[in-house]
Amino acid sequence: MTDRDPNEPMTEEELHHIVHLPKVELHTHFEGMAPPAFIRGLAKEKKVDISKIFRPDGSYDYRDFWHFLEVYEAATSVLKKPEDFARLCTAVLEKSAENDVVYQETFISPDFCGGGDVGAWKEYLHAIEDAATAAERDFGITLRGIVTCIRHNGPDQARAAARCAAETAGGFITGFGMGGDEKQGKQRDFAWAFDCAREAGLQLTTHAGEWNGPQEVRDAVEDLGVSRIGHGVNAYTDIALLEMLAEQDITLEVCPGSNVFLGVFPALKDHPIQKLRDRGVNVTISTDDPPFFHTTMRQEYAALAKTFGWGEEVFRELNATAIGAAFCDKATREAITKQLERK
Ligand SMILES: [Zn+2]
């Protein structure tokens, strides 16, 4: 497919159409999507004072990456019981549906939902799944869960997360992944957890190459055998690695707004997403933790269209790539593909 001429100014009508396209989003953190108004409401009910994490306009307030982690922790500290997570599910899917997302995958961590205990995890999961089923009916959005271990919590905790994943694999839970601090440990330290999830029939993804360089992305593919990479954007400096990613059909879950907000790249124009596409690497668009990075899927589309001059055909191609790399079953993939064909 040819891209539109970036020198040609995009009409308002064209941009409006692009921004409102039906979308597939693969990379979101469940708690990281929590709308600030929802968290404020829950804090009030529970009589917890976290007012300092909000700006006067009600959005999340922080100065830098380290402060962001503190605010994230304070905001998510009010999420305790399965019922809290069920309400979170409804709140986040309503927001995603407002951004025309028709299919979404989200990272859910047993570390936050029962501390790695399989019995407790099942209670949280049932509550979340019920809410997701209701949201599918009410808002027309399909959600699938990726059980996620947290790298800086170490390999033992990751094993517990993998056991939770294996016990609940199939249906709503379609994948296993890893998030957390990329600067701690190695991908291969978590090989047992990923093998366990794979044997249970789950598909695999891991955060790599957001903060670390290309070697991290190579390790993720070679040591864990993942078919998708969370971010992976720092692979762009290693041509041989890009060839390998293209050849092995690995898909990158790229979160441009998150990368710019956290300073991985100074501005969207400096982001390597176009270079990755030019090298034939599968790329997709996601928001990561949208309210924390003051972004939405519509804002991502608008910014990418303006910065790179991408027309409707590019976004349709990105969505086709995303549903192709989604961890759902065949019937779901076919149903969503039909929705994406909507004009
Ligand atoms: Zn992420």
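Quick one: dipole size for the chain, taken about the Cα centre, charges +1 on Lys/Arg Cβ and -1 on Asp/Glu Cβ, in debye to the nearest 20.
On the way: 37 positive and 56 negative charges, 112 e Å.
For this selection, approximately 540 debye.
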Seminar exercise, completed: Taking the reciprocal of mean 1/r across every pair of different Cα atoms in the chain, the Kirkwood radius in Å is 20.2 Å
Seminar exercise, completed: For Thr148, the residues 5 or more places away or on another chain with a placed amide H closer than 5 Å to its own amide H are Ile108, Ser109, Gly177
For this session: State to the nearest 20 debye the size of the charge dipole of segment 268-343 about its Cα centre, where the only charges are +1 on K and R beta carbons and -1 on D and E beta carbons.
Result: 180 debye
Exercise. What order, most packed first, do the peptides 201-212, 184-195 have when packing is the mean number of other Cβ atoms within 10 Å of each residue?
Worked result: 201-212, 184-195
Exercise. Roughly what % antiparallel, to the nearest 5, for the DSSP beta bridges in the chain?
Worked result: 5 percent
Exercise. For the cross-link pairs Lys186/Lys269; Lys52/Lys186; Lys95/Lys186; Lys183/Lys269; Lys47/Lys183, which exceed 29 Å when the distance is taken from alpha carbon to alpha carbon?
Worked result: Lys186/Lys269; Lys52/Lys186; Lys95/Lys186; Lys47/Lys183
For this session: Can you spot the aspartates and glutamates whose alpha carbon is less than 19 Å from Lys81's alpha carbon? Ignore those fewer than 8 places along the same chain.
Result: Glu31, Glu45, Asp49, Glu73, Asp111, Asp117, Glu123, Glu129, Asp130
Problem set entry | Estimated vicinal HN-Hα couplings, Hz - segment 273-288 in sequence order (Karplus 6.51, -1.76, 1.60; Gly, Pro = x) | 4, 5, 4, 5, 4, 4, 8, x, 7, 5, 10, 9, 10, 9, 10, 6
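Arrange the peptides 10-21, 113-124 so that the one whose residues have, on average, the most other Cβ atoms within 10 Å appears first. Write down the numbers at each step before the final one.
Numbers: 10-21: 14.0, 113-124: 17.7.
Put in order of decreasing packing, that is 113-124, 10-21.
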For this session: Pop out the ³J(HN,Hα) list for segment 154-169 in order, Karplus 6.51 cos²θ - 1.76 cosθ + 1.60 with θ = phi - 60°, rounded to Hz; leave Gly and Pro as x.
Result: x, x, 5, 5, 5, 4, 4, 5, 5, 5, 4, 4, 4, 5, 10, 5
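With the contact rule set at Cα under 8 Å and sequence spacing of 6 or more, what percent relative contact order holds for the chain? All intermediate terms of the calculation are to be shown ahead of the outcome.
Working: 618 pairs, mean separation 70.1, N = 343.
The value is 20 percent.
Can you sort Leu318, Leu79 so the residue with the fewest Cβ neighbours within 10 Å comes first? Don't skip to the end; give the middle numbers.
Working: Leu318 22, Leu79 19.
If I rank by nearby Cβ atoms, fewest first, I get Leu79, Leu318.
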Problem set entry | Per-pair calculated FRET efficiency, R0 = 25 Å: Arg159 and Lys183 via Cβ, rounded to 0.05 | 0.75
Seminar exercise, completed: Long-range amide H partners of Ile173, meaning residues 5 or more apart or on another chain whose placed amide H is closer than 5 Å, are Gly145
Seminar exercise, completed: Rounded to whole angstrom, the alpha-carbon centroid of segment 121-175 lies from that of segment 206-237 at a distance of 23 Å
For this session: Arrange Cys164, Cys89 by Cβ neighbour counts within 10 Å, fewest through most, would you?
Result: Cys89, Cys164
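Values quoted throughout were computed directly from the atomic coordinates according to the rules given, and no laboratory measurement underlies them. All values reported here derive from a predicted model rather than from experimental measurement. Note that each Cβ is placed from the backbone with ideal geometry, even for glycine, and that neighbours are counted across all protein chains shown.
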